[in-house]
Structure formats: C-alpha cells, structure tokens
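Here is the structure we will look at, set down as structure tokens.
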Amino acid sequence: MPIIKSSKKRMMQDKKKRARNKEIKKRTKTSIKKLEALIQEKKSKEAKDSLPGVISLIDKAASKGVWHKNKASREKSKLMKKVG
C-alpha cells in the first residue's frame, strides 16, 4: 500500500481507469463475437445491420486509448471482409 498521498491518489485513479478499460474491452469483444456468430450462421442481412454498431464500439475503444488505432483498423477491416 502506498504511503505518500499522491501515490494513493494515483492508485485510486488507476483502479477506476482499469475498471473502465475492462468494461470497454468486454463490451467490444462481446459485440465482435456476436457478429462473427451471425456470420457463421450465414445470417448476412443481420450481420450487415449490426456491423455499424460494432464498428462504432471499436472506434470508441480506439479513441479512449483502450485499443491502439492500428488494432482497431485491423479489426474493422477483418470484420468488413467477413461480412462482405
């Protein structure tokens, strides 16, 4: 446990940021898995409808710094190719 006041504050900030990042990652990964499940089930209409929402979540993760911008771009490209 930190003793210095600024270290305590930093620890609390890190805890909050870690929780936020975890939630964003979880929400993004879940939506990607759901989209890939639709693709596997050959439900192309539903997959095309849900693609913009998934891309939006990926962009939000990248803008918040949870994902690197190149990773976000790579994931979006991969999903768009799969949906076709």
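Within the range 41-59, does at least one residue satisfy the condition of being within 10 Å of the chain's Cα centre (by Cα) and in contact (Cβ under 8 Å) with a residue 40 or more places away in the chain?
Within the range 41-59, none of the residues are within 10 Å of the chain's Cα centre (by Cα) and in contact (Cβ under 8 Å) with a residue 40 or more places away in the chain.
Tally up the residues in the range 58-84 that are outside any loop (DSSP other than H, G, I, E, B) and buried (at least 18 other Cβ atoms within 10 Å of the Cβ), please.
Looking only at that region, the number is 6.
Quick one: how many residues across the range 1-40 are among the polar types (S, T, N, Q) and under 11 Å from the mean Cα position of the chain (by Cα)?
4
Are any residues in the range 30-40 touching a residue at least 24 places away in the same chain (Cβ under 8 Å) and either surrounded by fewer than 12 Cβ atoms within 10 Å (Cβ to Cβ) or within 18 Å of Arg20 (Cα to Cα) (or both), and if so, which ones?
Hit for the range 30-40 is Ser31, nothing else.
Each value in this text was obtained by applying a stated rule to the coordinates, not by laboratory testing. As the structure is a prediction and not an experimental result, all values here were calculated from the model. Heads up, the Cβs are rebuilt from the backbone with ideal geometry, glycines too, and the neighbour counts pull from every protein chain shown.
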